[in-house]
Every structure is written in C-alpha cells, then in structure tokens.
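Trainee: My questions all concern the structure below.
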Amino acid sequence: MNRNSVSSNSLEAESLTKRYGSGHTEVVAVGNVSLNVAKGEIVALLGPSGAGKSTLLTLLGLIRPPDTGRIVIDGKIVFENNRAKVNVRRFRREKLGFVFQKANLIPFLTAFENVRLAMDINDQPAKVSRKRSKELLEYLGVAERAQHLPCKLSGGEQQRVAVARALANSPSLILADEPTAALDSVRGRQVMELFRKVAHEQHAGIIVVTHDHRALDVFDRTIEMEDGKLKR
Amino acid sequence: MNLARRDIQHNIGRFVLTTVGLGLLLMVTMGMGGIYRGLVQEATSLVDKMDADFWVVQKNTRGPFAEISRVPVNLEDRVLTVPGVMTSNAFVSHTIQREHRGKPLRITVQGLAWPQDKGSWLPLVSGRSLAQAHYEMIADESLKLHLGEKIKFGKDVYTVVGLTRAMTSPAGDGMAFFTLQDSQAIQFDIPAEAVRLERSARYARAQKMDVGRTSPQTIKRALGSSSQIPALAMPSVSAVVVKVKPGFNPDYVQSVISKWPDVSVYSSQTQRQFLVGGIVARSRRQLGLFRILLIIVSAIIMSLILYTLTIDKLHDIAMLKLIGARNSVILNLIMQQALLLGVLGYAVAYIIGQWVFPLFPRRVVLVPIDLWVLGLIVVAVSIISSMLGIYKALTIEPNEVLA
C-alpha cells in the first residue's frame, strides 16, 4: 500500500487487538480484527452484547489506541500498534464523524450552532461554517428547526442534527454506535436510509453498529462480531 | 462562537444567582477594607483637620486622644511666651452620653479656644462657625442633629449653628464643637445638690482643722463657690494646640517646650502615629486577618462553584473532545466563565456596597488602591479557582460520551 497516495478506502484496519486487564483477568475485547471500508460504502456491524463492537468502534474512532495492529484512514496511517502517527484529536475533527445512540448535542447550543461548532473547532471561516451548517440542516430536513435548542427537538430531529454535525467537516469515515436504538422503527429506518444517502452522496465510509435487523437491507455489507472477532 | 456566553445564556438564572451570591461575599471582603480605612480616617480626622504644629500634653502621656491628658488652662499662656509660637489654644476633648429623642446620644465634646478659634477650619456642610462665646455648637451630621435644633447639656441649652461631615472620634462617636468654657461646663457639670453636699463637706473638713478654727474667713469661703477659693485649681484642659510662626524653625519651639518638666510635646505626625499605631492597630490586624479569611473563603466557594459548573458540563466537554476540540476551546469555556463570574461578582459587590456601606454605623471608606488590589485578587482567585475544574475537564476521556 502506498501510504501517501489517495486510497479508495475510507478505512483499512489490520490485525487490531485490544486487551483489558492482565493475567487471569485478561479479556481480549478485540482480537486480530482486520476490516476495510470503501469510500461511499455503508457497513453494518452486528453482534451480541459484549462481542466487542463498541470497543472496535473506539479503536477505529481513535478514542483508544489498539495494543497491536494498524489503522489507516483515508490513506494515512493513524495508529501503528499502540503508537499514534498523527495528532489524534486533530485527525478526529478533520477526518471522522461520530453519531451515537443518544444525539449528544451540546444542550446550550441551537441545532444550527451544534453543526457549526464542529466546523468552528476545525478553524473553518465563519462565513463557510454558517453556509454549510444551513445547507446540511436543509439536506437532512431539519432546517426549520435550526434555531431550536436540542431540548425542543424530537429524538429523530436530534439524531438528524447529530448526523449533520458528523458530516460538517466532510469526514472520510463516519462511525455510528446504535444510532436508532432510541427511535421507533419508522424513524429508525429513516435515519438508516439517511446514512445510506450520506455514504453514497458524500462518499464517506460509514460503519453502523446496530441490533436492528429490520433495516439491514439499507447496508451495502454486513459484518458480524462475536467474542472480539469478526465472523466470516 | 463563544461557548461560555452561550452556556451562561442557557443557564442565566443560575448564573445570576451565583454572581449575586459571590458579589455579596466580595462586598463583605470589600467592606472589611473600607471599615479599616474608615477607622484610620475617623481616628485621624481631627488631627488632620486642625493642622497644628504641636500638641502639648500632660507629661509622659500620649494624650489627648490615645489616653487622658490633663494640663492647666494657663499652659496656653505659658506656651505663647515661647519665641516663634504664633497661636496657642487650649483644647478640651471628652465623650459624653445623653438621652436624646428617647435614644442614647454619644458625643465627643471638643472645646475651641474662643475667640481665637471659632471653628472656621471645620469642614462645614451647612450653617456657620461659632459666633458667640456661649450656647452655640457645631455638630457632626452623624449625630443626626438639625441646624437650629436646641439641645440641653447640664444646665444650659445649646443651639446647633453648623454641621460638619466626617468629624468623628477614634471610637466613631460624632464630634460637637463648643467654646472652651462651654465644653468645660458640660464636662464638669455637677447637680446643685452635689454642689451643696460638697460645700457642706468642705465646711466640715475646715471646721476640724486649725486653719478653719483660727481663720473664720476661710470657713466662710468654704461654703461659697470653688472658684473663689485660690487653693482649688481651675478646671484643667486636655492639651494645648500650638502653631508656629511661618518661617520659624519648629524644632526650636519643640525643643524649648520639651524641656519643661510638666508637659510632653508632640508633632501632629507623632500624634497621628499614636492614633494609628495605638487605637487602630489591633482593629487593623483583626480586620486584616478577617479579610484574609474572607478571601480564602471566597476562593474556596468560587472553586466549588466553578468545579460544579464544570462537572455539570463534563459530558458535553467529553463530546467536544470526541469531535476533536482543542484543549484551548475547553479551557476558554471554563476560564471565561470563571473570569466573568469574578468580574461581575466584583461589580455587584461594588454597586451594592455603594448603597449599603453608607448605612453602616461606622464609616466605610473605599479607596482606589484597595479597590484595585481587591480587583486583582478577585481575578487571580478566579483563575486559580478554575484550575480544579480545568484539571477535571482536561483529564476526562472522550469515551465518557459512550458511557
């Protein structure tokens, strides 16, 4: 792999391992996991509770370092074993987007400001961040709720705003951890379809951890995890 | 986008209450400094206003303010004979407590050496200085007497002809200025029955002595006024206030008077030191220590407030970290709120203090240097207090969002 060339993959993860504890109490949360996600591809990550899905997501989201293995995002080596090769926080704000079960919007900022904040902290000019925030909220169908605080939005609306925030800096990879768990089936499917639209139109790789088997047709690919390993 | 401002707007009620609470605490701290300054000003106001060159007092005393001093009234004539002395005025100071309008009224009575001294140097806010030898007084406005009001001391009624401002004794009692004779009449006022009893006792004593038995005139005088008996001294005064002629060496005048065996002589500067170093010193230390305690308490409370404000936002801070916010974004959020809380609390303290301090029974004097120093302390405390919150915020892991 040419490390500096433009890769067709959003994510290339090789032999990722993450252990917790030591000796008799050692638990292998993620064991030798390799995974590629192409640009514009939406992948469902399935598995029972305790399978290691969330831990894998924290590794891919550069929240925790892997013990061994390599993570390459948008063609750039980010982690080599447990060593960061880039400024992790800067890389997160430039290349990654996150969506969670709860929207986790900043409660004292309006929907518009929540989206704009992601660009502000990435040093985007105010004019650009205002324009793109407006566009993203329109794109996700919540423009009319732009000036409302999160507490005034429904669960579905909050999740759309969270997606807009995740898209704000045009990330290469979006990681979503059970984003529809708090929504009813109709709204859950709407959000999943939104992810598909985003992946295909924004050319971002998306990994969605989900238990919702009803919406699996939305995904380009599904992978399953069990006991810290991917099932083939 | 200013996160600190937006957070405050979102929780405006809590922020306002916190600021007012902190402001009241800072107001007490501010007031402590003001009370100390007020003590010094009250203690030294008369010495400063009189602007005398020397105070001649009873030998080996630090009178007439720091302790009682009694000198004969004719000392002023003796002092006047010293070459270079321009004026020499007897000075009387004593505190009385009377009932007025059903309430206790404490007055520090000051005697002015009429007619040389009519009180024209006093800081009058209304009325005039003394214009006649008896039955007029100039009162400080803190005594709450009105211009033209008549008030009885002893057997005589005095009319308030002038009002001063900020003329109080070191104990904080308002001063009233009378002619020397009137002030002595107030000080040595004795009820008629007491006079009669004293004369009878005097007569009885004289009858038992040889001088009384052999000298009928002495017995007769013992039944009369004490002023008619040369063996009895005239009422004494507290001190003699001296002014030196312009161009004359004050050290020479002081060296001459200081050689007299019955008096001590002090410059106004030394008199000031007696007051500040003696009467005020303990209060100053007490207030100073209390002030330090209040600053520490304020710092602890500010730390707790800022820590709590930060704890409330930990999830949001973790989220900010997760989406890649720099530490400076988080630091600014906490620090700006800390500084705003400190600055607004200080402003609240100052504004409420301006309204409340004049209602205090003792003077509270806010001087610019104290206000600046307290302001800088508040800023420093705000920064230091936010450290605990900042530490907590910077050590939280972004994966807390997933919890």
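The values are calculated or read from the model by the stated rules, or taken from the named source; none is laboratory data. Computed from a prediction, not measured in an experiment: that's the story for all the values here. All Cβ positions, glycine included, derive from the backbone under ideal geometry; neighbour counts span all protein chains shown.
Trainee: Does the stretch B:95-143 hold any residues that are at pLDDT below 90, of a type in the set (D, E, K, R) and more than 28 Å from B:S236 (Cα to Cα), and which are they?
Mentor: Answer for the stretch B:95-143, where residues must be at pLDDT below 90, of a type in the set (D, E, K, R) and more than 28 Å from B:S236 (Cα to Cα): B:R101, B:K103.
Trainee: Further question on the same structure: Which one of these is closer than 30 Å to B:Y252 by Cβ and either of a type in the set (A, V, I, L, M, F, W, C) or touching a Phe, Trp or Tyr at 6+ places or on another chain (Cβ under 6 Å) (or both): B:Q58, B:Q110, B:Q116? Break it down stepwise before answering.
Mentor: Working: B:Q58 fails: either of a type in the set (A, V, I, L, M, F, W, C) or touching a Phe, Trp or Tyr at 6+ places or on another chain (Cβ under 6 Å) (or both); B:Q116 fails: either of a type in the set (A, V, I, L, M, F, W, C) or touching a Phe, Trp or Tyr at 6+ places or on another chain (Cβ under 6 Å) (or both).
Result of the check over B:Q58, B:Q110, B:Q116: B:Q110.
Trainee: Tell me which of these B:N327 doesn't satisfy, since it passes every other one: (1) farther than 24 Å from B:S283 by Cα; (2) free of Cβ contacts under 8 Å to residues at least 24 places away in the same chain; (3) exposed (fewer than 14 other Cβ atoms within 10 Å of the Cβ).
Mentor: B:N327 satisfies all of (1) farther than 24 Å from B:S283 by Cα; (2) free of Cβ contacts under 8 Å to residues at least 24 places away in the same chain; (3) exposed (fewer than 14 other Cβ atoms within 10 Å of the Cβ) except (2).
Trainee: Follow-up. Any residue in the stretch B:298-313 that is farther than 30 Å from B:L17 by Cα and of a type outside the set (K, R)?
Mentor: no
Trainee: Could I ask something else about it? Of the residues B:I383, B:I377, B:I305, B:I311, which single one is assigned to a helix (DSSP H, G or I), within 27 Å of A:P65 (Cα to Cα), of a type outside the set (D, E) and away from chain A (no Cβ under 14 Å)?
Mentor: Among B:I383, B:I377, B:I305, B:I311, only B:I311 is assigned to a helix (DSSP H, G or I), within 27 Å of A:P65 (Cα to Cα), of a type outside the set (D, E) and away from chain A (no Cβ under 14 Å).
Trainee: If the requirement is being closer than 24 Å to B:Q9 by Cβ, in contact with a helix residue (DSSP H, G or I) (Cβ under 8 Å, 6 or more places away or on another chain), away from chain B (no Cβ under 11 Å) and aliphatic (A, V, I, L, M), which of these qualifies: A:L117, A:L167, A:L137?
Mentor: A:L137
Trainee: Looking at B:S129 and the list (1) buried (at least 16 other Cβ atoms within 10 Å of the Cβ); (2) at positive phi, which single condition is not satisfied?
Mentor: The failed condition is (2).
Trainee: Can you work out which of the residues in the stretch A:96-113 that are facing another protein chain (nearest Cβ under 9 Å) and among the hydrophobic types (A, V, I, L, M, F, W, C) is nearest to the chain's Cα centre (by Cα)?
Mentor: Per the criteria, the residue is A:F98.
Trainee: Could you name every one of the helices (runs of 4 or more DSSP H) located completely within the stretch B:1-109 that has at least 1 residues being out of contact with any His (no Cβ under 7 Å at 6 or more places or on another chain) and within 14 Å of chain A (Cβ to nearest Cβ)?
Mentor: Hits in the stretch B:1-109: B:3-10, B:12-50.
Trainee: While we're here: Please go through the stretch B:314-335 and pick out each residue that is at the interface with another protein chain (Cβ under 7 Å from one of its Cβ atoms), part of a helix (DSSP H, G or I) and of a type in the set (A, V, I, L, M).
Mentor: Result: B:M319, B:L322, B:V329.
Trainee: Among what's in the stretch B:152-171 and is at pLDDT 90 or above, farther than 29 Å from B:S283 by Cα and not polar (S, T, N, Q), pick the residue that is nearest to the chain's Cα centre (by Cα).
Mentor: If we take residues in the stretch B:152-171 being at pLDDT 90 or above, farther than 29 Å from B:S283 by Cα and not polar (S, T, N, Q), then B:G162 is nearest to the chain's Cα centre (by Cα).
Trainee: Further question on the same structure: Restricting attention to the stretch B:340-350, does a residue exist that is within 14 Å of chain A (Cβ to nearest Cβ) and either out of contact with any strand residue (DSSP E or B) (no Cβ under 6 Å at 6 or more places or on another chain) or without any contact (Cβ under 8 Å) to a residue 60 or more places away in the chain (or both)? Break it down stepwise before answering.
Mentor: First pass over the stretch B:340-350, keeping only residues within 14 Å of chain A (Cβ to nearest Cβ): none.
Within the stretch B:340-350, none of the residues are within 14 Å of chain A (Cβ to nearest Cβ) and either out of contact with any strand residue (DSSP E or B) (no Cβ under 6 Å at 6 or more places or on another chain) or without any contact (Cβ under 8 Å) to a residue 60 or more places away in the chain (or both).
Trainee: If I filter the stretch A:190-198 for residues that are at pLDDT 80 or above, within 14 Å of another protein chain (Cβ to nearest Cβ), in contact with a strand residue (DSSP E or B) (Cβ under 8 Å, 6 or more places away or on another chain) and assigned to a helix (DSSP H, G or I), do I get at least one hit?
Mentor: No, there is no match, as no residue in the stretch A:190-198 is at pLDDT 80 or above, within 14 Å of another protein chain (Cβ to nearest Cβ), in contact with a strand residue (DSSP E or B) (Cβ under 8 Å, 6 or more places away or on another chain) and assigned to a helix (DSSP H, G or I).
Yes/no per residue for (1) within 30 Å of A:H148 (Cα to Cα); (2) modelled with pLDDT of 90 or more; (3) among the hydrophobic types (A, V, I, L, M, F, W, C):
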position: B:N11; (1), (2), (3): yes, no, no
position: B:G31; (1), (2), (3): no, yes, no
position: B:Y36; (1), (2), (3): no, no, no
position: B:V40; (1), (2), (3): no, no, yes
position: B:V73; (1), (2), (3): no, no, yes
position: B:V79; (1), (2), (3): no, yes, yes
position: B:A90; (1), (2), (3): no, no, yes
position: B:S93; (1), (2), (3): no, no, no
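Trainee: Something else now. In the stretch A:96-121, how many are modelled with pLDDT under 90 and basic (K, R)?
Mentor: Selection size over the stretch A:96-121: 1.
Trainee: Pull out all pairs, ordered by first then second residue, where Cβ-Cβ is under 9 Å, the residues are six or more apart or on different chains, the first lies in the stretch A:100-123 and is among the aromatic types (F, W, Y), and the second is in a loop (DSSP other than H, G, I, E, B).
Mentor: That search, which allows pairs on different chains as well, returns A:F100/A:E178; A:F100/A:P179; A:F108/A:L149; A:F108/B:N11; A:F108/B:K313; A:F112/A:A146; A:F112/A:Q147; A:F112/A:H148.
Trainee: Continuing with this model, one more query. Being more than 14 Å from chain A (Cβ to nearest Cβ), without any contact (Cβ under 8 Å) to a residue 60 or more places away in the chain and either in a helix (DSSP H, G or I) or small (G, A, S) (or both): is that true of B:Q286 here?
Mentor: Spelling it out, B:Q286 is indeed more than 14 Å from chain A (Cβ to nearest Cβ), without any contact (Cβ under 8 Å) to a residue 60 or more places away in the chain and either in a helix (DSSP H, G or I) or small (G, A, S) (or both).
Trainee: Separate question: Has the stretch A:178-187 got any residue that is part of a strand (DSSP E or B), closer than 18 Å to A:F219 by Cα and within 14 Å of chain B (Cβ to nearest Cβ)? Full working, then the answer.
Mentor: Taking the stretch A:178-187 as the starting set, the residues that turn out to be part of a strand (DSSP E or B) are none.
Within the stretch A:178-187, none of the residues are part of a strand (DSSP E or B), closer than 18 Å to A:F219 by Cα and within 14 Å of chain B (Cβ to nearest Cβ).
Trainee: Moving on to the next point. If you scan the stretch B:386-397, which residues turn out to be among the aliphatic types (A, V, I, L, M) and either more than 14 Å from chain A (Cβ to nearest Cβ) or surrounded by 15 or more Cβ atoms within 10 Å (Cβ to Cβ) (or both)?
Mentor: The answer is B:M387, B:L388, B:I390, B:A393, B:I396.
Trainee: Return the residue satisfying two criteria in turn: it lies in the stretch B:69-90 and is aliphatic (A, V, I, L, M) and touching a residue at least 12 places away in the same chain (Cβ under 8 Å), and of such residues it is surrounded by the fewest Cβ atoms within 10 Å (Cβ to Cβ).
Mentor: B:M86
Trainee: I would also like to ask the following. For the stretch B:150-259, please list each of the helices (runs of 4 or more DSSP H) lying entirely inside it that holds at least 1 residues being free of Cβ contacts under 8 Å to residues at least 24 places away in the same chain.
Mentor: Ranges flagged: B:192-208, B:210-214, B:216-222, B:250-258.
Trainee: I'm trying to understand the selection: among the residues of the stretch A:70-89, which are surrounded by fewer than 22 Cβ atoms within 10 Å (Cβ to Cβ) and either basic (K, R) or in contact (Cβ under 8 Å) with a residue 24 or more places away in the chain (or both)?
Mentor: A:R70, A:V72, A:D74, A:G75, A:K76, A:I77, A:R83, A:K85, A:V88, A:R89, listed by residue number.
Trainee: Residue by residue through the stretch B:331-356, note down the ones that are surrounded by 24 or more Cβ atoms within 10 Å (Cβ to Cβ) and over 22 Å from B:V373 (Cβ atoms).
Mentor: The answer is B:L333, B:I334, B:Q337.
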